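J.: Structure provided below as structure tokens; questions to follow.
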Amino acid sequence: MSHAQEQTRGAISFRVIHDADKSFLRRVHASTREWEFRLTLWSEADRTDFLDRQFDLQDLHYKRTYPTAIFRIVVLDGVDIGRLYLDRQDECLRILEFSLLTRHRGHGVGTDILRSLLNEAHGGKVPVRLQVERENPALRLYLRHGFRPVGQHGHHLELEWKPDLRKREI
């Protein structure tokens, strides 16, 4: 990538989530589910109600199941654009949630963040693990970066990326 392309993408950072961010986080969650609702006849109110309840349950599950995880908002040039939830476990780096608002997908921001996480895991000599729905368009991103299916849980695939731990010549 050229320097000019890097500059047009902007500065990526992360910030702590506050109570006032719930509405934004619900929007991000809903944007990740748009593809599922294309063929439904649900009203907007029913869809919003379903997604809000689903978000609340997911949020509670993450906090109870992964008490040491970090929960961050992804920021691009000072604008909130997504969420990243990570659990840095001894045996792996687990991506719990990695979502960007629709208009920020496909521009390399997700790739930059994912590469950074893979570099971190490589330095720590641990795999990266995550789950993704089999029909989720984000699956292509993960497969493109070397993740491989290692299991299945209902509609979700368990994916894993392993660092190359072979000795290298200097």
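J.: Taking PHE98 as meeting all but one of (1) in contact with a strand residue (DSSP E or B) (Cβ under 9 Å, 6 or more places away or on another chain); (2) touching a residue at least 60 places away in the same chain (Cβ under 8 Å), write down the number of the exception.
T.: Answer for PHE98: the failing condition is (2).
J.: Something else: Do we find a residue being within 19 Å of HIS104 (Cα to Cα), at pLDDT below 90 and not small (Gly, Ala, Ser) anywhere in region 55-74?
T.: Step one: list which residues in region 55-74 are within 19 Å of HIS104 (Cα to Cα), which gives 72-74.
Now restrict to residues that are at pLDDT below 90: none.
No - not one qualifying residue is present in region 55-74.
J.: Say whether the condition of being among the small types (Gly, Ala, Ser) and either open to solvent by less than 10 Å² (accessible area, probe 1.4 Å) or assigned to a strand (DSSP E or B) (or both) is met by at least one residue in region 111-125. Explain how you work it out, then say what you get.
T.: Residues of region 111-125 that are among the small types (Gly, Ala, Ser), as a first pass: 116, 121, 123-124.
Still in the running and either open to solvent by less than 10 Å² (accessible area, probe 1.4 Å) or assigned to a strand (DSSP E or B) (or both): 121.
Scanning region 111-125, I find at least one residue that is among the small types (Gly, Ala, Ser) and either open to solvent by less than 10 Å² (accessible area, probe 1.4 Å) or assigned to a strand (DSSP E or B) (or both), so the answer is yes.
J.: Only one residue in SER13, SER23, SER31 is under 22 Å from THR111 (Cβ atoms) and in a helix (DSSP H, G or I), so which one is that?
T.: Working: SER13 fails: in a helix (DSSP H, G or I); SER23 fails: under 22 Å from THR111 (Cβ atoms).
Going through SER13, SER23, SER31 in turn, the sole match is SER31.
J.: Another one. Looking at the structure I just gave you, is ARG72 open to solvent by 10 Å² or more (accessible area, probe 1.4 Å) and under 12 Å from the mean Cα position of the chain (by Cα)?
T.: Values: open to solvent by 10 Å² or more (accessible area, probe 1.4 Å): yes; under 12 Å from the mean Cα position of the chain (by Cα): yes.
Yes: the conditions hold for ARG72.
J.: Can you name the condition, by its number, that PHE98 falls short on among (1) open to solvent by 20 Å² or more (accessible area, probe 1.4 Å); (2) part of a helix (DSSP H, G or I); (3) closer than 21 Å to ASN136 by Cα?
T.: That leaves (2) as the condition not met.
J.: Any idea how many residues of region 129-143 are closer than 20 Å to ARG105 by Cβ and not in a loop (DSSP other than H, G, I, E, B)? Outline the logic, then answer.
T.: Kept after step one, since they are closer than 20 Å to ARG105 by Cβ, are these residues of region 129-143: 130-143.
This time we only want the ones that are not in a loop (DSSP other than H, G, I, E, B), so: 130-133, 138-143.
Residues meeting the conditions: 10.
J.: Taking the condition more than 26 Å from PHE147 (Cα to Cα) and part of a helix (DSSP H, G or I), does THR48 pass? Steps first, answer last, please.
T.: On the way: more than 26 Å from PHE147 (Cα to Cα): yes; part of a helix (DSSP H, G or I): yes.
Yes: the conditions hold for THR48.
J.: Could you give me the residue pairs with C-beta distances under 7 Å whose first residue belongs to region 108-135 and is in contact (Cβ under 8 Å) with a residue 24 or more places away in the chain and on the phi > 0 side of the Ramachandran plot, whose second residue is assigned to a helix (DSSP H, G or I) and open to solvent by 40 Å² or more (accessible area, probe 1.4 Å) wherever it lies, and which are 6+ apart or on separate chains?
T.: Cβ pairs passing all conditions: none.
J.: If I go through region 144-156 residue by residue, how many of them are under 12 Å from THR111 (Cα atoms) and out of contact with any Phe, Trp or Tyr (no Cβ under 9 Å at 6 or more places or on another chain)?
T.: 1
J.: Any chance you could count how many residues in region 101-110 are open to solvent by 40 Å² or more (accessible area, probe 1.4 Å) and either in a helix (DSSP H, G or I) or of a type in the set (S, T, N, Q) (or both)? Write out each step before concluding.
T.: Here is the first cut: in region 101-110, the residues open to solvent by 40 Å² or more (accessible area, probe 1.4 Å) are 102-103, 105-107.
So of that shortlist, the ones also either in a helix (DSSP H, G or I) or of a type in the set (S, T, N, Q) (or both) come out as 102-103.
So the answer is 2.
J.: Identify, from the list ARG129, ARG64, ARG88, ARG148, the residue that is crowded, with 17+ Cβ neighbours inside 10 Å, out of contact with any helix residue (DSSP H, G or I) (no Cβ under 8 Å at 6 or more places or on another chain) and farther than 16 Å from SER31 by Cα. Break it down into steps so the answer makes sense when it comes.
T.: Working: ARG64 fails: crowded, with 17+ Cβ neighbours inside 10 Å; ARG88 fails: crowded, with 17+ Cβ neighbours inside 10 Å; ARG148 fails: crowded, with 17+ Cβ neighbours inside 10 Å.
Being crowded, with 17+ Cβ neighbours inside 10 Å, out of contact with any helix residue (DSSP H, G or I) (no Cβ under 8 Å at 6 or more places or on another chain) and farther than 16 Å from SER31 by Cα holds for just one of ARG129, ARG64, ARG88, ARG148, which is ARG129.
J.: Can you name the condition, by its number, that ILE170 falls short on among (1) open to solvent by less than 30 Å² (accessible area, probe 1.4 Å); (2) out of contact with any Phe, Trp or Tyr (no Cβ under 7 Å at 6 or more places or on another chain)?
T.: Unmet for ILE170, out of (1) open to solvent by less than 30 Å² (accessible area, probe 1.4 Å); (2) out of contact with any Phe, Trp or Tyr (no Cβ under 7 Å at 6 or more places or on another chain): (1).
J.: I'm checking my understanding of the structure. Among residues of region 16-61 that are touching a residue at least 40 places away in the same chain (Cβ under 8 Å) and of a type outside the set (A, V, I, L, M, F, W, C), which one is surrounded by the most Cβ atoms within 10 Å (Cβ to Cβ)? Walk me through it before giving the result.
T.: Of all residues in region 16-61, those touching a residue at least 40 places away in the same chain (Cβ under 8 Å) come to 16-17, 21, 24-25, 27-29, 31-32, 34-36.
Cutting the leftovers down to of a type outside the set (A, V, I, L, M, F, W, C) gives us 21, 27, 29, 31-32, 34, 36.
Details: ASP21: 16, ARG27: 14, HIS29: 19, SER31: 18, THR32: 22, GLU34: 12, GLU36: 13.
The qualifying residue surrounded by the most Cβ atoms within 10 Å (Cβ to Cβ) is THR32.
The values are calculated or read from the model by the stated rules, or taken from the named source; none is laboratory data. Every value quoted in this text rests on a predicted model; they were computed, and no experiment measured them. All Cβ positions, even for glycine, are placed from backbone atoms using ideal geometry, and neighbour counts span all protein chains on display. Each accessible area value is taken on the protein alone, full model and side chains, heavy atoms only, with ligands, DNA and RNA left out. Shrake-Rupley method; radii C 1.70, N 1.55, O 1.52, S 1.80 Å.
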